[in-house]
Amino acid sequence: MGWDALFASRADRMRASEIRELLKLLEQPDIISFAGGIPDPALFPDEAFRDAYQAVLAKDVAGVALQYSVSEGFPPLRQWLVGQMAAIGIPCGIDNVMITSGSQQGLDYLGKLLLSPKDTALVTWPTYLGALQAFNAYEPRYDRLTPGLGNVTPKAYADAAAEAGGRVKLAYLTPDFANPTGETMDRAARERMLDLADELGIAVIEDSAYQALRYDGEPVPSILALDIARHGDIEKTRTIYCGSFSKTLAPGLRVGWICAAKPVIAKLVLMKQAADLHSPSINQMAIHHVAENHFPAQVAKIRAAYRHRRDRMLAELARHMPAGVTWSKPEGGMFVWLTLPEGMDGAELLARSIKTARVAFVPGGAFHADGTGRNTIRLSFSLAGDEAISEGIGRLGRLIGDVTKGA
């Protein structure tokens, strides 16, 4: 059967995730992996979830947990999220919140909602690989977003988009502890982003999967909070906030959310109805039970653990990396971004590392919409313990030194 002739044109833009493929290496016990941005399962609130599932499967509520439900999501969970959003400067109502099957589903829906073929999506160089995968199916072009510098005019963006046969539709950012760089946008850069979006008349997608994982420094207002401050009401904003419980409570339940103006939520609900009707009720109810009773304590626990691992990785990088290697110093999140000496290829380094050093990481080219950034790599510190970090960074440093010397 010649299936290729039947596939839609968008199928040509679908690519396997390098990160998902690298996760298979975790099954090899001698590999030290800094690849996936994976929460440590030892830190999951498993007892709390056991209690939660018992509670939601109790005789008087099991019918709700196991039944079809509304596409918008479990109302008590959405109401709890309204309180969480208010706490970070985003006053909203329950109709501004929709539950998704992880924030990745939210990105897919937003690509479907906003992008027509040949439209332009503004993304940072580098940006989250999952966002590129989600948007690629809708056949956009990408243009480089530099919110910290603001060195491209709105007219230049618009003219380039028109020349390509479409228009600029969205800007996508991870403003807090970005995946992959670990960097955080300051307030001035967020304000400039809103200025640009206002002039272009586009949506801003604020991916806040790591927002709760701050270890140092002062919190910066979210882009949606700044947008509301400018316009006085969430219904007058252009920012779409994507959140997730994957990094704080448990990724396996696949529960995320979108917070935005009601017209956006209404369209997304229609997509949800067509795609999977609703996220699993039982998982939403369990998440609500755990969040309502344990969220602050759980966040405090994982912050302490990941802060320690970040500090250990930064110390080992300073100890073992040869001259010519630089790296980010994140205030939170799960990632450190390394820039290798010019001319060194991260993908080639990974192949050699797996063969000789037995250390895994993610080559940086995967995070660039145009395939550049080949002399960069992403390291995750969330899953590795002290010994693995010390040994792995030591091996990696020696390998990079050997490659630099031509050994």
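Here's the yes/no breakdown for (1) at pLDDT 95 or above; (2) of a type in the set (Gly, Ala, Ser); (3) more than 27 Å from residue 219 (Cβ to Cβ); (4) within 23 Å of the chain's Cα centre (by Cα):
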site	(1), (2), (3), (4)
328	yes, yes, no, yes
332	yes, yes, no, yes
343	no, yes, yes, no
347	no, yes, yes, yes
368	no, no, yes, yes
381	yes, no, no, yes
387	yes, no, yes, no
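Condition first: part of a helix (DSSP H, G or I) and in contact with a Phe, Trp or Tyr (Cβ under 8 Å, 6 or more places away or on another chain). Now tell me which residues in region 252-274 satisfy that. Correct list: 253, 268, 271, 272. Residues that are under 22 Å from the mean Cα position of the chain (by Cα), touching a residue at least 12 places away in the same chain (Cβ under 8 Å) and surrounded by fewer than 16 Cβ atoms within 10 Å (Cβ to Cβ): does region 147-156 have at least one? Scanning region 147-156 turns up at least one residue that is under 22 Å from the mean Cα position of the chain (by Cα), touching a residue at least 12 places away in the same chain (Cβ under 8 Å) and surrounded by fewer than 16 Cβ atoms within 10 Å (Cβ to Cβ). Of all residues in region 366-393, those being surrounded by fewer than 16 Cβ atoms within 10 Å (Cβ to Cβ) and either within 22 Å of residue 180 (Cα to Cα) or in contact with a helix residue (DSSP H, G or I) (Cβ under 6 Å, 6 or more places away or on another chain) (or both) number 5. The residue pairs whose first member lies in region 318-334 and is buried (at least 18 other Cβ atoms within 10 Å of the Cβ), whose second member is in a loop (DSSP other than H, G, I, E, B) and of a type in the set (Lys, Arg), and whose beta carbons are closer than 9 Å, counting only pairs six or more residues apart or on different chains, are 333/247; 334/247.
Residue pairs whose Cβ atoms lie under 8 Å apart, separated by 6 or more positions or on different chains, with the first residue in region 183-209 and at pLDDT below 95 and the second in a helix (DSSP H, G or I) and of a type in the set (Lys, Arg), do not occur. Among the listed residues 57, 66, 107, which satisfies the condition of being in contact (Cβ under 8 Å) with a residue 60 or more places away in the chain and either surrounded by 16 or more Cβ atoms within 10 Å (Cβ to Cβ) or under 17 Å from residue 260 (Cβ atoms) (or both)? Sole residue among the options that is in contact (Cβ under 8 Å) with a residue 60 or more places away in the chain and either surrounded by 16 or more Cβ atoms within 10 Å (Cβ to Cβ) or under 17 Å from residue 260 (Cβ atoms) (or both): 107. Filtering 305, 315 for residues that are assigned to a helix (DSSP H, G or I), outside the structural domain of residue 175 (by TED's automatic domain parsing), in contact with a helix residue (DSSP H, G or I) (Cβ under 7 Å, 6 or more places away or on another chain) and surrounded by fewer than 21 Cβ atoms within 10 Å (Cβ to Cβ) leaves a single hit, 305. One residue alone among 260, 297 is surrounded by fewer than 17 Cβ atoms within 10 Å (Cβ to Cβ) and either out of contact with any His (no Cβ under 8 Å at 6 or more places or on another chain) or assigned by TED's automatic domain parsing to the domain that holds residue 97 (or both), and that residue is 297. Residue-level analysis places residue 185 outside the set of residues that are over 22 Å from residue 102 (Cβ atoms), surrounded by 24 or more Cβ atoms within 10 Å (Cβ to Cβ) and not basic (Lys, Arg).
For beta carbons closer than 7 Å, sequence separation of 6+ or different chains, a first residue in region 384-406 that is in a loop (DSSP other than H, G, I, E, B) and a second that is surrounded by 15 or more Cβ atoms within 10 Å (Cβ to Cβ) and among the charged types (D, E, K, R), the qualifying pairs are 384/309.
For every residue, the table says whether it meets (1) touching a residue at least 60 places away in the same chain (Cβ under 8 Å); (2) farther than 22 Å from residue 301 by Cα; (3) in a loop (DSSP other than H, G, I, E, B); (4) not aliphatic (A, V, I, L, M).
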| site | (1), (2), (3), (4) |
| --- | --- |
| 48 | yes, no, no, no |
| 70 | yes, yes, yes, no |
| 76 | yes, yes, no, yes |
| 79 | no, yes, no, yes |
| 91 | yes, yes, yes, yes |
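The values are calculated or read from the model by the stated rules, or taken from the named source; none is laboratory data. Owing to the predicted nature of the structure, the values given are computational and were not obtained by experimental measurement. For neighbour counting, all protein chains shown are included, and Cβ atoms are generated from backbone atoms with ideal geometry for every residue, glycine included.
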